[in-house]
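Below is one structure, written out as structure tokens, with a few remarks after it.
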Amino acid sequence: MTLTRSDVSRLLEAHGLSPSRALGQNFVADPNTVRKIVRLAMVQPGDLVVEVGGGLGSLTLALLEAGARVTVVEKDRWLVPVLGEVLSERAPGAPVRVVQADAMVLDWSALLEGGPWSLVANLPYNVATPLVADLLDRVPAVVAMTVMVQKEAADRLVAGPGSPAYGAVSVKVAYWAEARLLASVPSSVFVPRPRVASAVVGIRRRAVPALSPAVAGPEELFRVVRAGFAQRRKMLRRSLAVLGAGPSCFEAAGVGPSARPEELSLSQWGALAAALRDAAVAPEAGR
């Protein structure tokens, strides 16, 4: 049912379309790859699945083959009618709807009724990381994600302390979810062929965040994390000075002031956020 390389080329030529670099479009043109993604996502009949960047429908068709009920979000207005044509021809009567929208500004609560939902997608490279972060922050209805992204982005999503790829988004993912690298994907399965490798990442939302709100809520935690990684080559005593972190904060958190951001675990970031909060409250309490 899904699309081969010749199908993708034929559709693009027939409709006078070419992949948009501005939209980060690289269409999957390999049935084995999209079916593998669906298997890795453990999609079951009747599952509610949202796909971002449906393109020409390669992954959409594989999801429908597995029995999912699919909502596709596609930004490119020129692709939407082609996608609709492909779905009507290859999966007539299937439980699928196509929504033309920008996933980065979409009203997700209005789109995703009921639930729980899974995101299964070949994400455009230019929005992959911010979209995953935004969904974790704002859309609890999405309880699992299986996303194909640029390998560099995949490494950041799953990285732990001490890894060169570890950064602010790694901490955010660890706070909300558990993530792991599921598969590597060669550039040869795409049209056009990207200059970078891709990978599939699985992300499953935790029932509760990894840190108790009593330690640090998400806003205060990520405020400290962003400040720390904004100058990742500097010691934390310098990068967090902008937030008023003095020696007493580091001592209270049990974190060395000469530590660098990539060395800290999630619990250590939480301890720093709590110490900064307590230091701000203490002077007010003494007034």
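Amide H contacts for Val50 (H built 1.01 Å from N in the peptide plane; partners 5 or more residues away or on another chain; cut-off under 5 Å): Thr71, Ser118, Leu119, Val120.
Can you give the FRET efficiency to the nearest 0.05 for Ser109 and Arg195, using r as the Cβ-Cβ distance and R₀ = 51 Å?
0.85
Does anyone have the angle between helix 266-285 and the longest principal axis of the chain? Alpha-carbon axes, 0 to 90°, nearest 10? In the chain, helix 266-285 runs at an angle near 50 degrees to the longest axis.
Converting the Cα gyration tensor eigenvalues of the chain into ellipsoid dimensions via √(5λ) gives semi-axes, longest first, of 41, 19, 15 Å. Here the calculated FRET efficiency for Gln100 and Ser248, from their Cβ-Cβ distance with R0 = 51 Å, stands at 0.45, rounded to the nearest 0.05. In the Gaussian network model of the chain, springs joining C-alpha atoms below 10 Å, which of Val99, Val185, Val196 carries the largest mean-square fluctuation? Top of the fluctuation ranking is Val196. Comparing Ala41, Ala253, Ala273 in a Gaussian network model of the chain (Cα springs below 10 Å), the most mobile by mean-square fluctuation is Ala253. The residues neighbouring Pro161, those whose beta-carbon lies less than 11 Å from its own, together hold a net charge of -1 under the Lys/Arg +1, Asp/Glu -1 convention.
Sequence-distant contacts, meaning Cα pairs under 8 Å at least 6 residues apart, place the relative contact order of the chain at 15 percent.
Could you give me the ³J(HN,Hα) list for the range 105-117, computed from phi with Karplus coefficients 6.51, -1.76, 1.60 and θ = phi - 60°, whole Hz, x at Gly and Pro? Ordered by residue, 3J(HN,Hα) equals 10, 6, 7, 5, 5, 6, 6, 9, 8, x, x, x, 10 Hz.
For Leu182, the residues whose modelled amide H falls within less than 5 Å of its own, excluding neighbours fewer than 5 places apart on the same chain, are Val200, Val201, Gly202. The label point for Ser187 and the one for Leu17, both projected 7 Å from the Cα toward the Cβ, are 2.3 nm apart.
Local charge for Arg138 was computed over the other residues whose Cβ lies under 13 Å away, with Lys and Arg +1 and Asp and Glu -1, and equals -2.
Here the label points at Arg39 and Met235, each 7 Å from Cα along the C-beta direction, are separated by 5.2 nm in the simple model. Here the Karplus curve 6.51 cos²θ - 1.76 cosθ + 1.60, taken at θ = phi - 60°, turns the phi angles of the range 192-199 into couplings of x, 7, x, 8, 10, 7, 10, 8 Hz, with x standing for Gly and Pro.
Hey, what did the range 50-201 get for relative contact order, percent, Cα under 8 Å, at least 6 apart? Value for the range 50-201: 19 percent.
Along the axis of the charge dipole computed for the chain (Cβ charges of +1 for Lys and Arg, -1 for Asp and Glu, origin at the Cα centre), the listed residues Ala241, Ala227, Pro209 are led at the positive end by Ala241.
For the range 20-162, the dipole from Cβ point charges (+1 on Lys and Arg, -1 on Asp and Glu) about the Cα centre works out to 240 debye, to the nearest 20. For the range 226-237, putting each phi into the Karplus relation 6.51 cos²θ - 1.76 cosθ + 1.60 with θ = phi - 60° gives couplings of 4, 5, x, 7, 4, 10, 5, 7, 8, 5, 5, 4 Hz, in residue order, rounded to whole numbers and with x for Gly and Pro. For the range 218-285, the Stokes-Einstein estimate of translational diffusion at 37 °C and a viscosity of 0.692 mPa s comes to 284 µm²/s, using the Kirkwood hydrodynamic radius over alpha-carbon pairs.
In whole angstrom, the range 78-141 maps to an equivalent ellipsoid with semi-axes of 24, 16, 10, each derived as √(5λ) from the alpha carbon gyration tensor and ordered largest first. Contact order, relative form, for the range 6-79: 29 percent (alpha carbon pairs under 8 Å, 6 or more residues apart, mean separation divided by residue count).
Only the coordinates and a few stated rules stand behind these numbers; no lab work does. Fair warning: this is a prediction, and the values are worked out from it, not measured in the lab. Glycine also receives a Cβ, built like all others from the backbone with ideal geometry; neighbour counts cover every protein chain displayed.
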